[in-house]
Amino acid sequence: MKRLAVSADGPAAWESWRDAFARVAPDLPTISWFDPAFDPADASYALVWEPPVGEMARMANMRVILSTGAGVNHLVNRPDFPADVPLVRMGGDQTAVLMADYVMWAAIGLLRGARRWARDQEKHLWCNRPILRNSAETRVGVLGFGNLGAAVARRLAATGFIVSAWCRTPREEKQIPLFFGEEGLSDFLPSVDILVNLLPSTPHTRHIIDAELLSRLKPGADFINVGRGDHVVEDDLLAALASGQLDSAVLDVVATEPLSAESPLWDHPRITLTPHMASEASREAQAAYVAHVIRELEEGRAPPLLYRPDRGY
Ligand code: GLV
């Protein structure tokens with residue numbers, strides 16, 4: 001039966017999901033995963049974010065599981081993840097536009113020293129700092145060139161930044177200069193003024209941003225993390241900021257979320273923190289994307305953002 005059971009964001013979110021699906025896909029039957037009358041045998045699709053512990057095992061009979069997250073590492077690493085069920089990652093224009101907006105905001109903020117201005121304002125300090133660079137002479141390097149990495153790289157390039165990107169495996173790309181693999185990373189890193197992380201979190205990429213990688217950037221580079229917290233060795237990041245190898249960082253993700261009140265990241269004068277919200281599309285945009293994917297699946301087409309265990313994302 002072509003029915004979607006919605007677990008994403010827990011029982012309290014059900015009504016807003018129900019209304020969103022009613023508006024954008026009135027033909028798609030939906031039910032709350034948490035409805036006492038719900039039996040998993042009565043649905044073919046499940047929509048999830050962070051389902052309660054043990055709950056994913058009950059999704060073993062689904063035709064497909066859809067994630068409201070663009071990253072699915074937190075699902076596939078769970079012991080209750082039913083590995084035989086195809087898993088589809090969140091996509092859609094709004095997700096990509098929001099991510100590109102966020103990275104633009106972060107990159108321009110770094111360029112103009114926005115955090116320093118904000119701190120000066122708090123202290124009522126009228127301090128005119130010279131601006132030493134502009135977008136046309138700033139090289140941004142994007143780690144990861146998937147759905148989101150490509151959208152971010154293209155937007156930054158369209159705005160005038162000098163953009164290149166790195167990914168693990170070679171692919172065709174006409175607009176953005178791409179670097180591949182270990183060797184490509186050595187060529188990519190030394191010219192980067194602002195490093196943007198949009199890699200998927202896999203066993204290959206965990207802790208990839210460590211002291212060694214950071215030491216290969218241009219001295220005084222900036223860092224934007226919109227991938228996952230586990231890509232970064234946080235102590236190494238703090239050491240690179242302390243030594244000046246890194247000037248500033250904008251972090252939307254951290255190793256342990258929510259960030260503990262004691263973390264040194266909170267009060268660091270050159271770190272801007274946001275609470276993992278860079279690219280959270282509206283319910284309606286997510287519902288429209290999910291309904292589109294289900295339509296494609298029902299018509300026998302494979303969705304582009306299908307999780308591939310061999311790649312890890
Ligand atoms: C959020 O981080 C996501 O994976 O969409």
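Throughout, read-outs are computed from the coordinates displayed, never taken from laboratory work. Computed from a predicted model, the values in this text were never measured in an experiment. As a convention, Cβ positions derive from the backbone with ideal geometry for all residues, glycine included, and neighbour counts pool all protein chains shown.
Here are the numbers for the structure shown:
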{"item": "The stretch 103-160 - Debye-derived log10 I(q)/I(0), Cα point model, q = 0.14, 0.15 Å⁻¹", "result": "-0.49, -0.54"}
{"item": "Within the chain, helix-based [θ] at 222 nm, where runs of 4 or more DSSP H residues each add -39,500 (n - 2.57), nearest 500", "result": "-9000 deg cm²/dmol"}
{"item": "Efficiency of FRET from Cβ geometry, ALA37 and GLU284, R₀ 25 Å, rounded to 0.05", "result": "0.45"}
{"item": "Residue of ALA281, ALA25, ALA37 that the Gaussian network model of the chain assigns the largest fluctuation, springs spanning Cα pairs under 10 Å", "result": "ALA37"}
{"item": "Interatomic Cα distance distribution for the stretch 96-273, bins of 5 angstrom, percent", "result": "2, 8, 17, 22, 22, 15, 8, 3, 1, 0, 0"}
{"item": "Near-label residues of the stretch 187-201 by backbone N, under 13 Å of a point 7 Å along Cα→Cβ of SER215", "result": "none"}
{"item": "Using a Förster distance of 25 Å, the FRET efficiency for LYS174-ASN128 (Cβ separation, nearest 0.05)", "result": "0.05"}
{"item": "Student exercise, the stretch 20-117 dipole from Lys, Arg, Asp, Glu Cβ charges, in Debye to nearest 20", "result": "680"}
{"item": "Stretch gain in nm, segment ARG23-GLU298, where the contour uses 0.36 nm per residue and the Cα spacing is subtracted", "result": "97.0 nm"}
{"item": "The chain - Debye-derived log10 I(q)/I(0), Cα point model, q = 0.08 Å⁻¹", "result": "-0.40"}
{"item": "Spin-label pair ALA118/ASP93, simplified geometry with 7 Å Cα→Cβ offset, distance in nm", "result": "3.0"}
{"item": "Rough spin-label spacing in nm, given labels placed 7 Å along Cα→Cβ, for THR256 and ALA57", "result": "2.7"}
{"item": "Sites THR159 and SER186 - FRET efficiency at Förster radius 25 Å, r taken between beta-carbons, to 0.05", "result": "0.35"}
{"item": "Over the stretch 1-80, equivalent-ellipsoid semi-axes from the Cα gyration tensor in Å", "result": "19, 14, 12"}
